[in-house]
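Contents: one structure, followed by commentary.
The values are calculated or read from the model by the stated rules, or taken from the named source; none is laboratory data. Treat the numbers as computed from the prediction; the structure is a model and nothing was measured. Neighbour counts are summed over all protein chains in view; Cβ atoms, including those assigned to glycine, are modelled from backbone coordinates with ideal geometry. Surface areas here come from the heavy atoms of the whole protein model, side chains and all, with no ligands, DNA or RNA. Shrake-Rupley method; radii C 1.70, N 1.55, O 1.52, S 1.80 Å.
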Amino acid sequence: MKKMRTNNLLLKELRDLSFFLGSNIDWIQGAGGNTSVKDNGVLWVKASGYWLSDAEIKNIFIPLDRQMVLDKINLEIEDLSSAQIYESQDKNIRPSIETTLHALMRHKFVVHAHSVNVISYAVLKNGKEAISQKLQGMNWLWVPYVRPGLPLTMMLKQMNIYDFDVVILANHGLVVGGETKKEVLDLFNQVEIRLNRPVRGNFSKTDNLALSTIIDSSNYKLPKHDLSHSLAKDSLSLQVMIKNALYPDHVIFLGPGSIPIMTHEKFIKESFQKSLNYKVIVIKDIGAVVNQNLSENAEEMLHCFANVLLRLQSNDDLQHLTQNQETELLGWDAEKYRKSIQR
């Protein structure tokens, strides 16, 4: 067991940084995203399945021997359990799926976020070209989509991620590194400003009372976030929903493939027959409804989905995940574990 000399100030800065980022649903949704800090050979990283927004009220970070993690990367080993440093830590919790990414980065502080602004570019087939001018002068890298975890880390290693401060992950999100909390936040904010995409449309407020009447006696309820209803009223969103998912967290928490779109009449008929078991259903021109058992994580991901789609434009050429890529995510043990963690 490795003994640690814990820098409490660094850990406080990590908690403060994590809480700040995790409290903004435009940047972090549910258990998505992760943060880390390096201190005397120890890599402190968010635990898998935990929420950054809980950083101020509970211990969500796990210490690992960074060199052991780097050695495992070289051996292409994804299991990091032997690199964890146990003291008072619960041995049943696991480090973030993206721990290997954090270990590779040279920076003291690293942030991986699912910014809706960044994702709205990261899902474009010409995403790299679309942002190249906007990020001019920044030390950044565009990375093609591969499965998160070790496959992504191996690609990042080949692309010398060590040399970059800002990384845009296609169909995924943003990674930023800095030597101080202030430096990483300044870089993060610069990216957000440069890649800001305004929300389209001016949608009428959903009639929640009427929608509640439609779903009465069904297995469905109103979504947590009102923005989710925009999916039913925006023509571009309706077009995108009939295809595969655009990024990993959508697949994990909302399921693969398309989100079903129904008329009012079809929903009433099928719910009466008790034949509906979707996580989310969009009732066209009216609103979105979610399964009574939908998790809080999934509610956050539904908001993210609506938030991303409202930033797209009709001429955007989108790169959806393939069926094989969706299947790869669903069969991944690390994602099954993350999904099982309850807040």
**Item:** For the range 261-268, 3J(HN,Hα) per residue [Karplus equation, 6.51 cos²θ - 1.76 cosθ + 1.60, θ = phi - 60°, Hz, x = Gly/Pro]
**Value:** 10, 10, 7, 3, 5, 5, 4, 4
**Prompt:** Which whole-percent values make up P(r) of the range 206-298 when all C-alpha to C-alpha distances are grouped in 10 Å steps starting at zero?
**Reply:** 17, 53, 29, 1
**Prompt:** From a point 7 Å beyond the Cα of Ser204 in the direction of its Cβ, which residues of the range 282-299 have a backbone N at a distance under 13 Å?
**Reply:** 285-287
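Averaged over every viewing direction, what's the projected area of the C-alpha convex hull for the range 243-288? Give it in nm², one decimal, please. Don't jump to the answer; show the numbers that get you there.
Values: hull surface 13.9 nm².
Approximately 3.5 nm², given one-decimal rounding.
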**Solvent accessible area, Å² - Asp234, 1.4 Å probe, full protein context** = 10 Å²
**Asked** Rounded to the nearest whole Å³, what is the per residue volume of the convex hull around the Cα atoms of the range 1-100?
**Response** 95 Å³
**Item:** In sequence order, calculated HN-Hα J values of the range 217-224 (Karplus, 6.51, -1.76, 1.60; Hz; x Gly/Pro)
**Value:** 6, 9, 8, 10, 9, 6, x, 5
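May I ask what percent, to the nearest 5, of DSSP beta bridges between residues of the range 188-343 are antiparallel?
On the way: 6 of 8 bridges.
Taking every DSSP beta bridge within the range 188-343, about 75 percent pair in antiparallel fashion.
Calculate what fraction, in whole %, of the accessible area of the chain sits on carbon and sulfur atoms when a 1.4 Å probe is rolled over the protein chains. Kindly include the intermediate steps, with their values, before the conclusion.
Values: 7280 of 14980 Å².
Whole-percent figure for carbon plus sulfur exposure: 49.
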**Prompt:** To the nearest 20 debye, what charge dipole does the chain have about its Cα centre, counting +1 at the Cβ of each Lys and Arg and -1 at the Cβ of each Asp and Glu?
**Reply:** 160 debye
**Prompt:** Along the charge dipole of the chain, Cβ charges K/R +1 and D/E -1, which of Val110, Pro256, Thr153 sits furthest on the positive end?
**Reply:** Val110
**Request:** Would you pull out the residues with amide H under 5 Å of Phe61's amide H, same chain only if 5 or more places away, H placed 1.01 Å from N?
**Result:** Ala47
**Request:** Would you work out the relative contact order for the chain, in percent, from Cα pairs under 8 angstrom that are 6 or more residues apart?
**Result:** 18 percent
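Go ahead and estimate [θ] at 222 nm for the chain from helices alone: -39,500 (n - 2.57) per DSSP H run with n ≥ 4, summed, over the residue count, rounded to 500. Mind dumping the intermediate values first?
Working: 14 runs with 127 residues, N = 343.
Calculated from helices alone, the mean residue ellipticity at 222 nm is -10500 deg cm²/dmol.
Can you give the accessible area per residue of the chain, in Å², using a 1.4 Å probe? All intermediate terms of the calculation are to be shown ahead of the outcome.
On the way: 14980 Å² over 343 residues.
Accessible area per residue: 44 Å².
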**Message:** Please report the equivalent ellipsoid semi-axes of the range 26-162, computed as sqrt(5 x eigenvalue) of the Cα gyration tensor, largest first, in whole Å.
**Reply:** 27, 18, 13
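From the Cα gyration tensor of the range 58-135, with a ≥ b ≥ c the square roots of its eigenvalues, which class applies: rounded if a/c is under 1.5, or else prolate if a/b is larger than b/c, or else oblate?
prolate
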**Request:** Only Cα pairs under 8 Å and at least 6 apart count here; give the relative contact order of the range 37-134 as a rounded whole percent.
**Result:** 29 percent
**Request:** List the pair-distance distribution P(r) of the chain, using every Cα-Cα distance, as the percent of pairs falling in each 10 Å bin from 0 up to the bin containing the longest distance, rounded to whole percents.
**Result:** 5, 25, 33, 22, 10, 3, 0
**Item:** Tail fraction, Cα-Cα pairs, the range 212-264, threshold 19 Å, whole percent
**Value:** 36 percent
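Could you give the size of the charge dipole of the range 93-154 about its Cα centre, using +1 on the Cβ of each K and R and -1 on the Cβ of each D and E, expressed in debye and rounded to the nearest 20? Before the final figure, lay out each step's value.
Working: 7 positive and 2 negative charges, 14 e Å.
Roughly 60 debye for the range 93-154.
Calculate how large, on average over all directions, the projected area of the Cα convex hull of the range 179-255 is; give the answer in nm² to one decimal.
Details: hull surface 33.0 nm².
One quarter of the hull surface, i.e. the mean projection, equals 8.2 nm².
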**All lysines inside 22 Å of Lys205 as judged from Cα atoms, apart from same-chain residues fewer than 8 positions distant** = Lys221, Lys224, Lys233, Lys284
**Asked** How far is it, in nm, from the label point at Asn277 to the one at Gln158 when both lie 7 Å from their Cα along the line to the Cβ?
**Response** 4.0 nm
**Asked** If amide H atoms are built 1.01 Å from N in the plane of the peptide, which residues on other chains or at least 5 residues away come under 5 Å of the amide H of Glu56?
**Response** none
**Request:** Give a residue-ordered list of calculated ³J(HN,Hα) values for the range 240-257 (Karplus: 6.51 cos²θ - 1.76 cosθ + 1.60, θ = phi - 60°; whole Hz; x for Gly, Pro).
**Result:** 5, 5, 7, 10, 5, 5, 9, 7, x, 4, 4, 4, 5, 9, 10, x, x, x
**Request:** Assuming 1.002 mPa s and 20 °C, estimate D for the range 32-86 with Stokes-Einstein, Rh taken as the Kirkwood radius over Cα pairs, in µm²/s.
**Result:** 180 µm²/s
**Expected-Rg normalisation [2.2 N^0.38 Å, Cα atoms] applied to the range 121-230** = 1.50
**Request:** In debye, nearest 20, what is the charge dipole magnitude of the range 282-331 about its Cα centre with +1 on Lys and Arg Cβ and -1 on Asp and Glu Cβ, if you could check?
**Result:** 140 debye
